[in-house]
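Report on the following structure.
The values are calculated or read from the model by the stated rules, or taken from the named source; none is laboratory data. Since we're looking at a predicted model, the values are computed, not measured. Backbone-built Cβ (ideal geometry, glycine too); neighbour counts: all protein chains shown. For accessibility, only protein heavy atoms count, side chains too; no ligands or nucleic acids. Shrake-Rupley method; radii C 1.70, N 1.55, O 1.52, S 1.80 Å.
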Amino acid sequence: MKVIFDTDPSPDDAVAFLAALASPELEVLAITTVAGNVPVELTSKNARKALELAGRTEIPVYAGAAAPLLRPLVTAEHVHGRTGFDGYELPEPQTPLAMGFAPQTIVDLVMAQPPRTVTLCCLAPLTNIALALAREPRLADHLVGIVLMGGAWSEAGNITPAAEFNFYVDPEAAARVFASGVDITMIPLDCTHQALITDERLSMLRSSGTPVGIAFYHLLEFNKRFDLAKYGWPGGPLHDATVTAWLLAPQLFSGRKVRVDIECLSPLTLGASVVDWWGVTGQPANALVLRTIDAEAFFQLIFGRLLRL
Ligand SMILES: [Ca+2]
């Protein structure tokens with residue numbers, strides 16, 4: 001299965017695409033970066049740091065949008081530190097960025113492949129994807145689909161009481177993606193909040209003794225401090241890696257095809273994903289929304305793959 005990862009690396013993003021690179025089932029065509037957790041210069045740097053750590057510098061990294069479609073950028077240094085990769089010192093990347101603007105590159109790479117052979121894996125605000133869909137109207141039909149981490153139903157929000165971070169940062173982009181007709185699998189907070197990085201799970205990484213394992217032990221340990229203080233849980237969620245797990249092992253999840261719309265007007269609930277779980281609107285479904293995950297099997301799968309690198 002051919003995939004492109006669109007990402008704003010913090011460590012959970014990097015786990016998602018590195019686990020994919022270690023998986024023979026998936027062929028990663030490119031990594032595209034966007035502003036989100038930190039500005040795009042830093043997400044582009046973090047993506048290359050992760051690839052260099054894993055010795056996979058043949059994977060091109062294309063930088064994309066520096067700001068949301070209509071709004072000023074909101075970032076999440078309070079979670080991931082100033083660099084987005086705080087907690088472990090990785091060397092400055094030596095690999096240059098690939099030439100090209102991420103949204104156009106997504107169009108070019110997907111349209112160069114046979115129809116319905118490429119899946120977009122979206123781990124960040126959806127700015128690049130909305131721009132790509134606008135640049136090439138045939139793109140939506142040419143994709144297998146989009147698998148994205150974002151939104152929430154019963155878990156409501158994490159950046160505001162009503163909204164999840166990726167949708168909140170660029171609600172207009174999210175709204176365009178959900179209105180595009182693309183086959184969407186949405187992995188919301190309802191699902192990722194079940195996938196907690198407990199000390200026991202984290203120790204898998206440290207005890208591996210590999211450079212990748214040690215680095216991600218420390219990077220995820222740093223994230224955990226914020227999540228522990230905020231939620232009081234035994235570990236923080238490994239949000240974005242659920243996207244890779246869905247592609248490798250969909251049997252670990254359950255969900256429902258429903259209508260999802262994104263709030264773009266209300267200041268109070270901006271970026272909220274309105275999930276019609278009970279079908280009260282009668283509107284056609286536009287996304288498969290996942291709500292449960294087998295967390296133990298998920299960590300065995302994802303950390304197992306990561307530690308192959
Ligand atoms: Ca992300």
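Annotations for the structure displayed:
- Interchain or long-range residues, amide H under 5 Å from residue 274's placed H: 261, 262, 263
- Span-like helix ranges in the chain, DSSP H, alpha carbon extent 18 angstrom or more, Kyte mean at least 0.0: 211-231
- Share of carbon and sulfur in the accessible heavy-atom surface of the stretch 123-199 [1.4 Å probe, %]: 49
- Largest GNM mean-square fluctuation among 99, 111, 149, using the chain with Cα springs under 10 Å: 99.
- Here the convex hull built on the C-alpha positions of the chain has a volume of 116 cubic angstrom per residue.
- Normalised by 2.2 N^0.38 Å, where N is the number of residues, the C-alpha radius of gyration of the stretch 139-196 stands at 1.18.
- Ordered from highest to lowest accessible area with the whole protein assembly present and a 1.4 Å probe, 244, 117 read as 117, 244.
- Built amide H within the under 5 Å cut-off of residue 145, gap 5+: 120
- Each helix, a run of at least 4 DSSP H residues, gives -39500 (n - 2.57); summed and divided by the residues of the chain, these come to -11000 deg cm²/dmol at 222 nm.
- The stretch 19-153: C-alpha gyration tensor shape, a/c 1.5 cut-off, then a/b vs b/c: oblate
- Since only 64, 44, 78 are under comparison, the one whose Cα sits farthest along the positive direction of the charge dipole of the stretch 1-106, derived from C-beta charges on Lys, Arg, Asp and Glu, is 64.
- Residue 226 paired with residue 116, simple spin-label distance in nm, labels 7 Å along Cα-to-beta-carbon: 4.0
- Farthest toward the positive end of the dipole of the stretch 122-176, out of 127, 150, 137, is the Cα of 137, where the dipole comes from beta carbon charges about the Cα centre.
- Relative contact order of the chain, taken over Cα pairs closer than 8 Å and 6 or more residues apart, is 20 percent.
- Sum of side-chain charges, residue 249 neighbourhood, beta-carbon under 14 Å (Lys, Arg +1; Asp, Glu -1): -2
- Leading residue at positive end of dipole, the stretch 154-309 (Cβ point charges), from 187, 286, 204: 204
- Looking at the chain alone, DSSP beta bridges between its own residues are antiparallel in about 30 percent of cases.
- Exceedance of the 26 Å cut-off in Cα-Cα distance is limited, within the set 2/257; 230/257; 45/257; 49/230, to 230/257; 45/257; 49/230.
- Rounded to 5, percent antiparallel among DSSP beta bridges of the stretch 151-309: 75
- Convex hull of alpha carbon positions in the stretch 84-240: directionally averaged projected area 11.0 nm².
- Counted charge near residue 172, where neighbours are those whose Cβ lies closer than 15 Å (Asp, Glu -1; Lys, Arg +1): -1
- Simple label model, 7 Å out from Cα along Cβ direction - residue 203 to residue 99, nm: 5.2
- In the context of the full set of protein chains, residues of the chain present 38 Å² of accessible surface per residue (probe radius 1.4 Å, heavy atoms only).
- Cα centroids of the stretch 2-53 and the stretch 211-246: 16 Å apart.
- Taking Cβ atoms as reference points and 14 Å as the exclusive limit, the residues near residue 194 contribute a net charge of -3, counting Lys and Arg as +1 and Asp and Glu as -1.
- When the chain is treated as a Gaussian network with alpha carbon springs shorter than 10 Å, the biggest mean-square fluctuation among 161, 68, 171 belongs to 161.
- Over all projection directions, the Cα-based convex hull of the stretch 206-309 averages an area of 9.0 nm².
- Cut-off of 10 Å, at most 13 other beta carbons, DSSP loop: longest stretch of the chain lacking such GluC sites (Glu not before Pro): 90-309
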